[in-house]
1. Among residues belonging to the stretch 43-71 that are of a type in the set (G, A, S) and modelled with pLDDT under 70, point out the one that is farthest from K26 (Cα to Cα).
2. If you check every pair at least six apart or on different chains, which have Cβ atoms under 6 Å apart with a residue in the stretch 9-38 that is farther than 15 Å from K73 by Cβ and without any contact (Cβ under 8 Å) to a residue 24 or more places away in the chain first and a residue that is of a type in the set (K, R) and assigned to a helix (DSSP H, G or I) second?
3. Is it the case that E18 is acidic (D, E), surrounded by fewer than 14 Cβ atoms within 10 Å (Cβ to Cβ) and at pLDDT below 85?
Amino acid sequence: MKTASQESKTIYRLPTQERRAQFIRKELRRAGISVKDLADAADLNYQTVAKYADLCGNWGTATVDPRTDTTRKIFNALGYDLCFTSRESKGVIEL
């Protein structure tokens, strides 16, 4: 049995909102869940998640610069941990 330090983790770098939206759409298809299911799990409005994933239909434009809390809630609801880094970052320290 692997311990927590021996588990391998995949790191996804999603520097733009367009790439984050694409990743969310892919995860929705892979997991077979609806936008409503994700919105309920993330405790967000349906429209917020739909605009975040660029599935906004008739509601106007997609999200361009989402709040950090919205991003955290959506990715945590899908089971992902987030690590925010800046371009000047020297690295990531994980505890």
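The values are calculated or read from the model by the stated rules, or taken from the named source; none is laboratory data. Owing to the predicted nature of the structure, the values given are computational and were not obtained by experimental measurement. Cβ: placed from backbone, ideal geometry, glycine included. Neighbour counts: every protein chain shown.
1. G60
2. Here the result reads L14/R20, each pair linking the stretch 9-38 to a residue that is of a type in the set (K, R) and assigned to a helix (DSSP H, G or I).
3. The answer is no for E18.
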